[in-house]
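S.K.: Have a look at the structure that comes next, please.
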Amino acid sequence: MLVVTTPIIEGHPITEYRGAVFTQVVRGFALGQGFFDNWRAMGGERSKGHEELIYHIRLEALEELKREAAKVGANAVVGAVIDVEAISLRDRPMILAKAFGTAVVV
């Protein structure tokens with residue numbers, strides 16, 4: 001399934017709009033991971049553990065977006081956005097990835 005951030009897919013005319021699709025994925029940090037990565041970040045270093053977590057959570061949100069589009073009979077998503085933010089759930093740091101776009105048939 002093709003997912004693009006643009007409103008059109010050049011060379012593939014949109015024949016049907018199937019509506020908005022969206023998903024969200026929330027993940028916490030492994031015990032100790034947040035502490036050591038935060039310690040490194042305070043020293044100006046890159047936080048490899050956080051970067052890896054964000055990378056994988058974005059991929060998971062993208063795959064779920066594709067599944068949601070397929071459920072409504074689409075074969076592409078246009079105008080796709082994946083947004084990642086830090087949240088706190090019961091004082092526990094978490095990462096939230098939201099993905100949304102318009103499901104279409106091309």
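S.K.: Could you please give the count of residues in the range 13-33 that are at pLDDT below 95 and either out of contact with any strand residue (DSSP E or B) (no Cβ under 9 Å at 6 or more places or on another chain) or more than 17 Å from residue 87 (Cβ to Cβ) (or both)?
M.R.: Of the residues in the range 13-33, 4 are at pLDDT below 95 and either out of contact with any strand residue (DSSP E or B) (no Cβ under 9 Å at 6 or more places or on another chain) or more than 17 Å from residue 87 (Cβ to Cβ) (or both).
S.K.: Could you please find all residues in the range 49-106 being assigned to a strand (DSSP E or B), under 10 Å from the mean Cα position of the chain (by Cα) and basic (Lys, Arg)?
M.R.: 98 - this is the single residue of the range 49-106 that is assigned to a strand (DSSP E or B), under 10 Å from the mean Cα position of the chain (by Cα) and basic (Lys, Arg).
The values are calculated or read from the model by the stated rules, or taken from the named source; none is laboratory data. Bear in mind the structure is a predicted one, so any value in this text is a computation, not a measurement. Neighbour counts are summed over all protein chains in view; Cβ atoms, including those assigned to glycine, are modelled from backbone coordinates with ideal geometry.
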